[in-house]
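Remarks on the structure that follows.
Coordinate-derived values only; no laboratory data. Source: prediction; values computed, not measured. Heads up, the Cβs are rebuilt from the backbone with ideal geometry, glycines too, and the neighbour counts pull from every protein chain shown.
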Amino acid sequence: MASLKEAKRLVIKIGSALLVDRKTGQLRADWVQGLAEDVAWLKGQGKDVVLVSSGSIALGRGVLGLPARDLALEQSQAAAAVGQIRLARAYEEVLAPFGITTAQVLVTLEDSADRRRYLNSRATLEQLVSLGVVPIVNENDTVATDEIRYGDNDRLAAQVAVTVGADQLILLSDVDGFYSANPQVDPSAHRYDVIDTITPEIEAMAGDGVSGLSKGGMITKLMAAKTATKAGCAMAITEGSVIRPLQALEAGANATWFTALGDPQQARKRWIASMKPKGDIMVDDGAARALATGKSLLPAGVSLVSGAFGRGDPVAILDSKGHKLGQGLARYDAAEAGKIKGHRSEDIEALLGYPGRAALIHRDDMAL
């Protein structure tokens, strides 16, 4: 069974029911304070932490006096706009006393489906985490409509875990793990401590994903587990209403752990290597040696650019003799790459007319 001690980077998903009192519509201040103490505890161990948090609509609904029933789209988006600023402020206020800086990141499904937006999100989140910031991620409910929505924060959290290369995803839920059936209606249901492989039998226990009939709300959690574990990220489902849920998990609280398939870096490299390249970038001998030591590819080391590729597309990396070294995701399109090849990174702004990224292909986006 996995342990939080093993993680270097965690994504923690928090549902509305944990944050907001259903009757009053107010933030559960004691619970949020306990979560902040848990985050500070993890950060004190040198771990990176990203929070994926629901709650904006639930908070905004109470402020605006909207009814408890299902809201119209425009009402939900108005509630989200009012609630999101309160949610971000609440996290900032509880984490600041621990010396932790927070950032608000709002995303939609389009941001991961579109490769250019995905790379932008990844670069921003990576920069925030590297600076010691705890990003607070939520779906951008003020603008997202059905066709660009995740629709649930379980899958959003899994996508964020993949994006930031997390090695553990923790779903703080209203249930204490994955059960063979809905424990609320079937007393014979049993909880799994560890699931190494998500088999068709396990999927059947979650319910029917086609009809949307779920047994205990597990369909989206199982979908999240499939996304996360394929990317090398272990995932836990645990009951989150206790005041220090992460410490409770580490102390042995009930949970189901889904085993990661490899590690995040290996999974990402396999994904990049499996793509069909849309162009070629030839590098000089000095750049080839630098790549072999784990460096990013800078424009100065590029001697030739060919093909019609866009930003974020896969390209083959060739040595000076035309042998393939590997491939990576380009941070510039073909025309831009052609303009900056052979030049120093500090010359990019003068060549393109706007500031750009120093690397043409970052080492994290490269499989050699």
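Using equal-weight Cα scatterers in the Debye expression, the normalised intensity of the chain in log10 at q = 0.07, 0.09, 0.12 Å⁻¹ is -0.35, -0.57, -0.95. The distance between label points at residue 293 and residue 29 comes to 5.6 nm (points 7 Å beyond Cα on the Cα→Cβ vector). Axis angle, to the nearest 10 degrees, between helix 73-95 and the longest C-alpha principal axis of the chain: 80 degrees. Tell me, what is the FRET efficiency for residue 174 and residue 117 to the nearest 0.05, using R0 = 25 angstrom and their Cβ-Cβ distance as r? With R0 = 25 Å, the Cβ-Cβ based efficiency is 0.20.
Between residue 345 and residue 72, the FRET efficiency from the beta-carbon distance, with R0 = 56 Å, is close to 0.65.
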